[in-house]
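First the structure, in the form of structure tokens, and then the observations on it.
The values are calculated or read from the model by the stated rules, or taken from the named source; none is laboratory data. Quantities reported herein were computed from a predicted structural model and do not represent experimental measurements. Here the Cβ is made from the backbone with ideal geometry for all residues, glycine too, and neighbour counts use every protein chain on show. For accessibility, only protein heavy atoms count, side chains too; no ligands or nucleic acids. Shrake-Rupley method; radii C 1.70, N 1.55, O 1.52, S 1.80 Å.
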Number of protein chains: 2
Amino acid sequence: MFKDAAARAIPQRQASEETRRQILDTALALFRERGLDATTMRDIAAGAGLALGAAYYYFKGKEAIVGAYYAYVQEEHRVRARAAFEQAGTLRDRLRAALHTKIDIMKNDQKLLRALFRFGGDPDHPLSWFGPASREQRRLSVEVFEEAIAGEKLPDDVLEVAPLLLWTLHMGILLYFLYDNSPAYRRTRKLIDAAVDFVIDAKRVATLPLMRPVRRRVLNILRDAKLLGESESARA
Amino acid sequence: MFKDAAARAIPQRQASEETRRQILDTALALFRERGLDATTMRDIAAGAGLALGAAYYYFKGKEAIVGAYYAYVQEEHRVRARAAFEQAGTLRDRLRAALHTKIDIMKNDQKLLRALFRFGGDPDHPLSWFGPASREQRRLSVEVFEEAIAGEKLPDDVLEVAPLLLWTLHMGILLYFLYDNSPAYRRTRKLIDAAVDFVIDAKRVATLPLMRPVRRRVLNILRDAKLLGESESARA
DNA sequence: GTCTATAAAGGGATAGAC
DNA sequence: GTCTATCCCTTTATAGAC
């Protein structure tokens, strides 16, 4: 599972990396099989053929393993999306790729994600999806959408908010995915395609010069709500 | 806490209603004070001056009490929003009222709501925010926004999707509220006002005849995704 | 019957030997 | 780096007191 990203990130540095990956693989398999809570550190260590203490040497605890899963998903998304961006010419293709690759990565983890959902309600939890602890992960995630629209001729204010809005859409789609019980997650796939078409429509409308005041308003809302940092241009 | 809604819903029918309300009040106070998980049915019964068995007579368990809280919030929202709608003339005022009353009702329950958040990730849980079990509650919640825009001269397709979109906005604002640590939730209040202004802008744009194809697309997306039932007009 | 005290089990986490 | 041993907390089960 982690082979691709791990191999890319650390080119066979040491045997210890191999062990770490082994623990991650085992843990993820167990999470999928019996759920997050039902999986103990003992199970993970045993499954990886290690003593409990060894597992703790590599990860501070189960939480840290899940954190590594977050990091893996993010890194894998970045890599896969970039690869797709190099092929995909149109904005539509790029946005579809950004969203589909995310589901590709998570397609076996619906159960796990449902369990991880709960941390979203606790701002102080390290695994919260929206809390300060995951800010860096979030930034990287938004960055993928920044890259997806890079190269588009867009007004500055659109360039500033679009990545965050696309990230929000992507979170909404993940929520839909969480509830999707259609075979092979067809409905999620369809939703992605349809949502991207809508985004293309919305882009056309939103970029009209006439819409500048509306865009300003959105920008100000997000800034006031601290959902968007001050932009470079605003600071300049 | 439950005085207002309970009194309105059941005009002093019996002492048993009084007891039920007593349990709810006690439970809610304890949830707020020490959290959902830390509160046991024993604590609730004791706090309400009842034996454990008596508490179980009124509610099947802690979960059922939380369900009653959901119902209370919904009923209270309906009542308060309607009262405000009778005063408020403009669409802006009505939308603000619909959103602010919701926060008014929940302003003491941030901690509880953070704990309840976790059920959102489990489609099969009775307390899931998006699952089938809460469909009726959700319908009632959407209805408030339906009433908020009632009387507006709007194209049919807008009338059909707007309540759901406003409900979604309202869920987003609740998520923001969950994370809001500003005094008196000022930031959430500001966000509501700003978001409503944006909605007014969006309404102006979206209702242009030119936008009809885009509206159709949105309608079809929501229908395909089963987020919106077939409309009356579509069935006719 | 209901409550409470205590024991047993399970599992997260750490220390120190090798 | 990996092991064994151990700690400590939480949950669950049970048994005896009221």
Seminar exercise, completed: Inter-copy distances for B:Gly229, nm, shortest first, label points 7 Å along Cα→Cβ, are 4.7
Exercise. Based on Cβ point charges of +1 for Lys and Arg and -1 for Asp and Glu, what charge dipole magnitude is obtained for the protein assembly as shown about its Cα centre, in debye rounded to the nearest 20?
Worked result: 280 debye
Problem set entry | Between A and B, accessible area buried - total, square angstrom, nearest 100, 1.4 angstrom probe | 2800 Å²
Exercise. Say a label goes 7 Å from Cα toward Cβ at B:Arg135 in every copy; what distances in nm does this one have to the rest, shortest first?
Worked result: 4.3
For this session: Would you kindly derive the ³J(HN,Hα) couplings of segment B:34-40 from the backbone phi angles with the Karplus curve 6.51 cos²θ - 1.76 cosθ + 1.60 (θ = phi - 60°), listing them in order in whole Hz, with x for Gly and Pro?
Result: 10, x, 5, 6, 6, 8, 9
Exercise. Which residue is it, in chain A, that holds its beta carbon closest to the axis of the A-onto-B rotation, and how many whole angstrom away?
Worked result: A:Arg118, 2
For this session: Quick one: compute the contact order of segment B:157-236, relative version, from alpha carbon pairs under 8 angstrom and 6+ residues apart, as a percent.
Result: 37 percent
Exercise. What angle, in degrees between 0 and 90 and rounded to the nearest 10, separates the Cα long axis of helix A:156-179 from the longest principal axis of the Cα atoms of chain A?
Worked result: 50 degrees
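Assuming 1.002 mPa s and 20 °C, estimate D for segment A:148-203 with Stokes-Einstein, Rh taken as the Kirkwood radius over Cα pairs, in µm²/s.
On the way: Rh = 12.4 Å.
So the translational diffusion coefficient is about 172 µm²/s.
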Exercise. How many lysine pairs in chain B, separated by 8 or more positions in sequence or lying on different chains, have Cα atoms less than 24 Å apart?
Worked result: 17
Problem set entry | Heavy-atom accessible area, 1.4 Å probe, ligands and nucleic acids excluded: residues of segment A:119-153 down by at least 50 Å² from chain alone | A:Gly121, A:Pro123, A:Phe130
Problem set entry | Relative compactness, segment A:110-158, computed as alpha-carbon Rg over 2.2 N^0.38 Å | 1.52
Exercise. Hey, what angle do you get for helix B:135-149 against the long axis of chain B, alpha-carbon based, 0 to 90 degrees rounded to 10?
Worked result: 50 degrees
Problem set entry | Hydrodynamic radius of the protein assembly as shown per Kirkwood, over alpha carbon pairs, in Å | 24.7 Å
For this session: Mind checking which of A:Phe85, B:Tyr72, B:Thr207 is farthest towards the positive end of the protein assembly as shown's charge dipole, using Cβ charges of +1 (Lys, Arg) and -1 (Asp, Glu) about the Cα centre?
Result: B:Thr207
Exercise. At a probe size of 1.4 Å, how large is the accessible area of A:Glu63, to the nearest 10 Å²?
Worked result: 90 Å²
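Ignoring ligands, DNA and RNA, how do A:Arg78, B:Arg42 rank by accessible area with a 1.4 Å probe, largest first?
Working: A:Arg78 65, B:Arg42 170 Å².
Output order, biggest surface exposure first: B:Arg42, A:Arg78.
What does the accessible area per residue of the protein assembly as shown come to in Å², with a 1.4 Å probe and no ligands, DNA or RNA counted? Numbers along the way, then the final one.
Values: 23750 Å² over 472 residues.
Averaged over the residues of the protein assembly as shown, the accessible area is 50 Å².
Any idea what diffusion coefficient segment B:82-235 gets from Stokes-Einstein, in µm²/s, Kirkwood Rh on alpha carbon pairs, 4 °C, 1.567 mPa s? Working shown, then result.
Details: Rh = 16.8 Å.
It comes out at roughly 77 µm²/s.
Which value at 222 nm does chain B reach when only helices count, each DSSP H run of 4 or more adding -39,500 (n - 2.57), with the total divided by all residues and rounded to the nearest 500 deg cm²/dmol?
-23000 deg cm²/dmol
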For this session: Any chance you could look up the accessible area of A:Val158 with a 1.4 Å probe, heavy atoms only, rounded to 10 Å²?
Result: 20 Å²
Seminar exercise, completed: Taking Cα atoms only, helix A:62-87 is inclined relative to the longest principal axis of chain A by an angle, in degrees rounded to 10, of 50 degrees
For this session: At q = 0.23, 0.32, 0.34 Å⁻¹, work out log10 I(q)/I(0) for segment A:36-75 with the Debye formula, treating every Cα as an identical point scatterer and leaving solvent out; two decimals please.
Result: -0.75, -1.07, -1.11
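Got a number for carbon plus sulfur as a percent of segment A:82-235's accessible area, 1.4 Å probe?
Values: 4200 of 7590 Å².
Reported share for carbon and sulfur atoms: 55 percent.
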Exercise. Given springs between every Cα pair under 10 Å in a Gaussian network model of chain A, which of A:Leu166, A:Leu222, A:Leu30 has the largest fluctuation?
Worked result: A:Leu222
Problem set entry | Ascending list, in nanometres, of distances separating the A:Gly61 label from those of the other copies (7 Å, Cα toward Cβ) | 2.6
